[in-house]
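Data block below; observations after.
The values are calculated or read from the model by the stated rules, or taken from the named source; none is laboratory data. Note that the structure is a prediction, hence the values are computed from the model and not measured. All Cβ positions, glycine included, derive from the backbone under ideal geometry; neighbour counts span all protein chains shown. Remember, those area values only see protein heavy atoms, side chains included, never the ligands or the DNA or RNA. Shrake-Rupley method; radii C 1.70, N 1.55, O 1.52, S 1.80 Å.
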Amino acid sequence: MSLGTVIATEFGPTPTLFQFVISLEEARRIAETGLFIQVKNDDGHITLGVIQNLRRTNRYFSSPDVIHGTSTNFKPPQLFPSEKWDYLIAECKVLGTFENNLNSRSTKPVTPGSEVTLTDSMLLRRFLGLDISQGIQLGKIKQMDLDVQINLDRLLQKHLAILSISGGGKSYTTSVLIEELLKRPKNIGRPAIVLFDVHGEYSQLTELSRLKEFKHAEVNLIRADSIKINASMLSSRDFATLQPSMSHAQQRELSAIISELKHKKQKITIGAIKNLLISKEINQMVKEALVGWLTVLENSNLFSYYESPNLQEEVVPGSLTIIDLSPIISLWSKQVIVYYFLNRIFNLRRVKDIPPVITLIEEAHQFCPEQTTSPTKKIIETIAREGRKFLTSLVLISQRPVNLSTTALSQCNSHLIMRILNPHDLNYIAKTSEGITTETLQTITSLGVGEGLLAGNATNYPIFLQIREKMLQTNYDEVSMAKASERYELLLQEAT
């Protein structure tokens, strides 16, 4: 479709930008920022661009005298056909040139007077690097009604961050991503998925099996109050990670105790470690500190001589394991669980005892904070740096990017950014997200629920998309304070 004509101004055309006039009413109806356009050059090559800004003008209404009516007693429409002088000027950023079936950097300006048209769909898919055969379909490019199908490796192998304010659609988008992963057929590869669910928002995913698209998918829900951590899998260094204030002397004595229990082939539990420690003749201050710390671990009811769930049995191709942390109030206890399972997953992948795995962490800023320490921070940053080598992928989900570790966030090569209003978060995103311009950053604040910006390694250029509808619709998606309050009062009336 023809949109308009390239014009010459004092600012362009240049190899990086140009402007064009939109006169036709039909073209004006569809023109908006973020729309992809193309211009055919004199040499036959095609220059692709995107509309960054729109300016509406009408020269009859540019004169204060005419508007005020001091020059005539008649209103402008009675004298002149002013509506025919109304048009749009679009400012475009040049993305590149398509020649010989290859994308290349634009080195020449487009010619003034050239026709500007909508970008051909197939050409746009190739230019953006979309995967139309085996891609993960997150939604549609908002301005083009074009399916956004992203290659699995490009989106997830080098980690993904999903960032938004509360209520901006993070959980909904995460559910769509999980659906796409679970419905992949065996012949194109099915990674295992482990989701750390802080608020119990994803328990409804266990109902996916009632849909025919997921009849082969395995979804397991593990409640945190049923989890058991195998103490024999933990070294003295692991215990020191859980208790950062542990001294070198305490760590040394603890290591000796664990080694002795292993040598005697005894079951290693927190109680066994504590009892053997009490019987030892060691520095009294070291002993008391360690006994006090081990008592805290013992009282948490998280530790045992076995692991539940068993990761090697649970984490299988095409499966989703939801670790529901909502039954536990203590943030430290949640961090201990996440640390243990992330550490186990990473170590099992290093020796290829489990399939490639994608780990999703809700409220990631609680587990990998920027300013403070936590038991989970080091392992998350380690996986962020090294996980791609062992096909252990992270998806960090957060509503406060500024509180999330710079090290972890900067290693997420793809960002899916939904609505964010806090200026500190926006500035932080601008520093850590590749390819985001000032104009793009300003648009993020006006995104609606379910709209997002995908930037980074996933595509060749940042794109705005409308997240598709979930295949599984549940009552949880319709949570309303007013309706919930109404239902609660009805229950009270029935009870009385």
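Assign unit charges at the C-beta atoms only (+1 for Lys and Arg, -1 for Asp and Glu), then state the dipole size of the chain relative to its Cα centre in Debye, rounded to the nearest 20. Can you show the working numbers first?
Working: 53 positive and 51 negative charges, 289 e Å.
Around 1380 debye, computed over the chain.
Using heavy atoms of the protein chains and a probe of 1.4 Å, the accessible area assigned to R252 is about 150 Å². On a 0 to 90° scale, report how tilted helix 248-263 is relative to the longest principal axis of the chain, with both axes built from alpha carbons and the result rounded to the nearest 10. Compared with the principal axis, the helix lies near 60 degrees.
A quarter of the convex hull surface defined by the alpha-carbon atoms of segment 288-410 gives 8.6 nm² as the mean projection.
When the charge dipole of the chain is built from unit charges on Cβ atoms (+1 for Lys and Arg, -1 for Asp and Glu) and taken about the Cα centre, the candidate among Q143, I162, S480 whose Cα reaches farthest toward its positive end is I162. Which angle from 0 to 90°, rounded to the nearest 10, does the C-alpha axis of helix 170-182 make with the longest principal axis of the chain? Helix 170-182 sits at roughly 80 degrees to that axis.
Counting only lysines at least 8 places from K142 when in the same chain, those with an alpha carbon closer than 19 Å to its own are K93, K170, K470. Kirkwood hydrodynamic radius of segment 123-206, from the reciprocal of the average inverse Cα-Cα distance over all distinct pairs: 14.4 Å.
Please work out the Cα convex hull volume for the chain and give it in Å³ per residue. Don't jump to the answer; show the numbers that get you there.
Working: hull volume 115.3 nm³, N = 496.
Output value, Cα hull per residue: 233 Å³.
Largest accessible area first, the listed residues H365, H415 line up as H365, H415 when surface is computed with a 1.4 Å probe on the assembled protein chains.
If you sort K378, K140 by accessible surface, 1.4 Å probe, largest first, the order is K378, K140. Cross-link reach is defined here as a Cα-Cα straight distance under 19 Å, omitting same-chain residues fewer than 8 places apart; for K287 the lysines meeting it are K274.
Would you mind telling me the share, in percent, of accessible area of the chain contributed by carbon and sulfur at probe 1.4 angstrom?
Values: 11910 of 24290 Å².
The C+S portion of the solvent-accessible surface of the chain is 49 percent.
Probe of 1.4 angstrom, ligands and nucleic acids ignored: what's the accessible area per residue over the chain, in square angstrom? Before the final figure, lay out each step's value.
Values: 24290 Å² over 496 residues.
On a per-residue basis, 49 Å².
Relative to the longest principal axis of the Cα atoms of the chain, the long axis of helix 377-386 makes an angle of roughly 60 degrees. Figure note: K267, K470 ranked by solvent-accessible area, largest first, 1.4 Å probe, ligands and nucleic acids not counted: K267, K470.
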